[in-house]
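Just below is one structure, and these are the notes that go with it.
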Amino acid sequence: MKHKIIPIAVQQVSKERKRQAPKGRRVDPASLAEVQALLGNESRQADLLIEHLHKIQDRYAHLSAAHLAALAQEMRLAQTEVYEVATFYHHFDVVKEGDAAPQSLTVRVCDGLSCEMAGARDLLARLPKILGKEVRVIAAPCIGRCEQAPAAAVGQNPVPHATCEAIAAAVQAKAVTHAPEAFIDHASYQAAGGYGLLKDCISGQRNVESVIKTMEDSALRGLGGAGFPAGRKWRIVRAESGPRLMAVNIDEGEPGTFKDRVYLERDPHRFLEGMLIAAWAVGIDRIYIYLRDEYHGCRAMLQSELEKLKAAPPWAGLPEIVLRRGAGAYICGEESAMIESIEGKRGMPRLRPPYVAQVGLFGRPTLEHNFETLFWVREILEKGGAWFTSHGRNGRHGLRSFSVSGRVKSPGVKLAPAGITIQELIDEYCGGMQDGHTFYAYLPGGASGGILPASMNAIPLDFDTLQPYGCFIGSAAVVVLSDKDTAVDAARNLIQFFKHESCGQCTPCRVGTAKAAHLIEQPKWNLELLAELSTVMRDASICGLGQAAPNPVDCVVKYFPHELV
C-alpha cells in the first residue's frame with residue numbers, strides 16, 4: 001500500500017493550526033461572556049478559583065461544562081484543574097455535558113448525629129412529596145447548628161428546629177439569609193473600649209515579649225481540636241524569616257461543633273482584635289480568614305464589619321485581611337487542607353514535615369489558629385494568664401466552651417471550667433436530661449472523639465484526660481445519648497459521615513472508611529476484621545480523619561459489647 005506524500009509546507013500549516021487551536025473542550029463564546037461579566041474586574045489569579053466557582057454557582061445554581069471551560073480559559077488554567085477542584089467540594093453542583101441541570105433550589109437536611117436523633121430521617125422521607133419536583137431535597141453532613149436540631153438549609157437560609165411546615169414556608173417565601181441581628185458591631189465595640197488593647201500594643205505600652213509571655217502563662221491551647229499551646233506557636237512562627245502569613249480556621253465541620261459560629265454571631269470584633277494582636281506580635285503581613293460556606297449570614301456580617309474596620313483602622317499598619325469562602329468539605333478543618341483550599345486547590349492534607357509554621361500558605365511561614373483561640377486573646381491579656389488558669393476543676397486549669405447537643409433540656413454553648421465531668425455539665429449547665437430520657441452514653445469530642453457509657457461519667461473533660469480511654473476532647477463537642485438511642489446506631493451514623501468526607505487521597509482512609517461502614521451495617525460484626533482495619537487506618541492514614549475515624553467503632557466494641565450480642 002502506497003502512502004500519500006504530503007508536502008512539507010502543508011505539514012507546517014497543519015501543525016500551526018493545531019498549535020493555535022485550544023486543547024480539550026472548545027470554549028463557548030456566550031458562556032465566556034457570562035463568566036467575564038460575573039468576574040468583572042476581579043483578579044484572575046489561581047488562588048481565587050474557588051471564589052470564582054462560587055460566583056457561577058450562586059448565579060446559575062450549578063456549574064455547567066461550558067462555564068467551567070470558560071472559567072479555565074479566563075483564569076489561564078487547565079480545564080482538568082478547574083474540573084477536579086469543582087468536583088471536590090460538596091456545594092458545587094457540576095453538570096456534565098448533556099446532563100440535566102439540578103433544580104434551582106436545594107433543601108439540605110442535616111443528617112448528623114444530633115439531627116438524626118431529633119428526626120432528620122423523617123424530614124428526608126416526607127419532604128420530597130411535600131415540596132414537589134421543583135425543589136431538590138438532599139441529606140447533608142453537619143451544618144453547624146446541632147443545638148437547633150433538626151436543622152436544615154433552604155438554599156443558604158438556615159431553618160432551625162426544622163419541621164416540614166417550616167421548611168415549606170421558607171421555600172415559599174424564597175427567604176434570603178440575613179446577617180445576625182444581635183451582635184456587637186464595630187461602633188459599639190469601640191465605644192466599650194474595644195481595640196484599646198491593640199492600640200496599647202502598637203503604641204509600645206505593651207511589648208511583644210510581655211504579650212507572648214502572658215499567652216504562655218495562660219497555658220491556652222488551640223481550641224480547634226489539636227490543642228497546641230498558643231503562646232508557643234506565636235514564638236515559633238515569629239522566629240521564622242518573613243514575610244509571614246496567618247490563616248484563621250472557621251471551618252468547624254466536626255459533627256456536634258458550633259461554638260465558633262455562636263461566638264462569631266455575638267461578638268465578632270473580640271475575635272478580630274485578638275487576631276490583630278497575634279498578627280502584631282508575630283509580624284504577620286497578610287491574614288486569610290477561612291469561613292465555612294454553611295455560615296452564609298455570618299459571612300455577610302463579617303464582610304461588612306471588616307469593611308468598617310478597614311475604613312477606620314485602629315492600626316496604621318493594618319495587615320491586609322482576606323475573607324475566603326469554604327465550599328463544603330469537612331477535611332478543610334485540617335490546617336494544611338484548609339491552606340490548600342485557600343490557595344484555590346482541592347482540600348487535601350499535606351504530608352509533614354515541613355510544618356505549616358515553616359512552610360505554609362503560599363510556601364511562607366504561617367500562623368494558623370482556630371477562631372475561638374483568638375477570641376480569648378484580649379481577655380487573657382487584660383486579666384492575665386493567672387486569671388485564665390485560676391478556673392478549672394478536678395486538677396485541670398482554664399475554661400472550655402462546650403458545644404452540647406443531644407438529649408439534654410438546654411443544649412448550646414456552655415462556658416465551663418476545664419476538667420468538668422459530663423455529669424456536672426449535664427446537671428449544672430444543661431438543665432438535666434430531657435423528660436422521659438435517661439442518660440446512656442456521650443461523645444466527649446464530636447464525631448471522632450469516641451463514645452463512652454454513662455457509667456464513666458466522672459472523667460474530667462479536658463486535653464489529655466480522655467486518651468487512656470481511647471477518646472479525646474478535640475473541639476469539645478459533646479453529644480449526649482439517652483436510653484432511647486444506641487451506641488451502635490451512633491457509630492453507624494459517624495462512620496457514614498467519615499466515608500462521605502474522606503478526601504480520598506490515601507487508601508487507608510478512602511477504602512477503610514467505606515469498608516468499616518459496610519462491616520458495621522451487618523447484623524453481626526466481624527470483630528477481628530474491624531480490629532485489623534482500625535490498626536491499618538490509624539497507622540497509615542495521612543491525617544487525623546483516617547486516624548480517628550475508627551474511634552466510634554472501637555468504643556462500641558470496648559464499652560458496649562451488650563449491643564453486639
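The values are calculated or read from the model by the stated rules, or taken from the named source; none is laboratory data. On a predicted model such as this, the values are computed, not experimentally measured, just so you know. Positions of Cβ are backbone-derived with ideal geometry, glycine not excepted, and every protein chain shown enters the neighbour counts. Only protein heavy atoms, including side chains, enter the accessible area calculation; ligands, DNA and RNA are left aside. Shrake-Rupley method; radii C 1.70, N 1.55, O 1.52, S 1.80 Å.
Beyond 22 Å, what percent of the Cα pairs of segment 23-175 remain?
Pairs farther apart than 22 Å: 47 percent.
In debye, nearest 20, what is the charge dipole magnitude of segment 186-383 about its Cα centre with +1 on Lys and Arg Cβ and -1 on Asp and Glu Cβ, if you could check?
Dipole magnitude for segment 186-383 comes out near 320 debye.
Run the Debye formula on the Cα coordinates of segment 393-484, all scatterers equal and no solvent, and tell me log10 I(q)/I(0) at q = 0.20, 0.22 1/Å.
Computed log10 I(q)/I(0) values: -0.86, -1.05.
What percent do you get for the relative contact order of segment 384-497 when only Cα pairs under 8 Å and 6+ apart count?
26
Please report the net charge: other residues with Cβ closer than 11 Å to the Cβ of residue 492, K and R +1, D and E -1.
Combined, the nearby Lys, Arg, Asp and Glu give -2.
Given all pairs of different Cα atoms, what value in angstroms does the Kirkwood hydrodynamic radius of segment 186-383 take?
Here the Kirkwood hydrodynamic radius works out to 16.8 Å.
How far apart, in nanometres, would the label points at residue 205 and residue 457 be if each is projected 7 angstrom from Cα along the Cα-to-Cβ direction?
Roughly 4.9 nm, to one decimal.
Largest first and in whole Å, what are the equivalent-ellipsoid semi-axes of segment 68-147 based on the Cα gyration tensor, each being the root of 5 times an eigenvalue?
One finds semi-axes of 32, 17, 8 Å for segment 68-147.
Once every DSSP H run of n ≥ 4 in the chain is given -39500 (n - 2.57) and the sum is divided by its residues, what mean residue ellipticity at 222 nm do you get, rounded to the nearest 500 deg cm²/dmol?
Result for the chain, helices only: -12500 deg cm²/dmol.
Can you give me the long-range amide H partners of residue 137? Hydrogens built in the peptide plane at 1.01 Å from N, cutoff under 5 Å, separation of 5 or more residues or another chain.
The answer is 107.
Could you tell me the largest-minus-smallest coordinate of the C-alpha atoms of segment 190-239 on each of the three principal axes, in descending order and whole angstroms?
Rounded to whole Å, the extents work out to 35, 24, 17 Å.
Toward the positive end of the charge dipole of the chain, about the Cα centre and with charges on Cβ (Lys, Arg +1; Asp, Glu -1), which of 189, 440, 315 goes farthest?
The Cα lying farthest towards the positive end belongs to 315.
Out of 103, 227, 36, whose Cα points farthest toward the positive end of the dipole of the chain (charges: +1 Lys, Arg; -1 Asp, Glu; placed on Cβ)?
Ranked along the dipole, the leading option is 36.
Of all alpha-carbon pairs in segment 33-85, indicate the percentage at a distance above 13 angstrom.
Cα-Cα pairs of segment 33-85 separated by over 13 Å account for 51 percent.
Using the heavy atoms of the protein chains and a 1.4 angstrom probe, tell me the accessible area per residue for the chain in square angstrom.
43
Looking at the chain, send over the antiparallel percent of its DSSP beta bridges, to the nearest 5.
40
Report the relative contact order of segment 109-176, percent, no decimals, based on alpha-carbon pairs under 8 angstrom and at least 6 residues apart.
33
Students often check this: by mean Cβ neighbours within 10 Å, which of 331-343, 421-433 ranks highest, and how do the rest follow?
331-343, 421-433
Given a 1.4 angstrom probe, I'd like the percentage of the accessible area of segment 29-95 that is carbon and sulfur, rounded to a whole number.
Ligands and nucleic acids excluded, carbon and sulfur give 49 percent.
Taking every pair of distinct Cα atoms and averaging 1/r, then inverting, what Kirkwood hydrodynamic radius in Å comes out for segment 343-462?
17.1
So what does log10 I(q)/I(0) come out to for the chain at q = 0.05, 0.06, 0.09, 0.10 Å⁻¹, using the Debye formula with one equal point on every Cα and no solvent?
-0.23, -0.32, -0.71, -0.88
How high is the relative contact order of the chain, in percent, with contacts defined as C-alpha pairs under 8 Å that are six or more residues apart?
12
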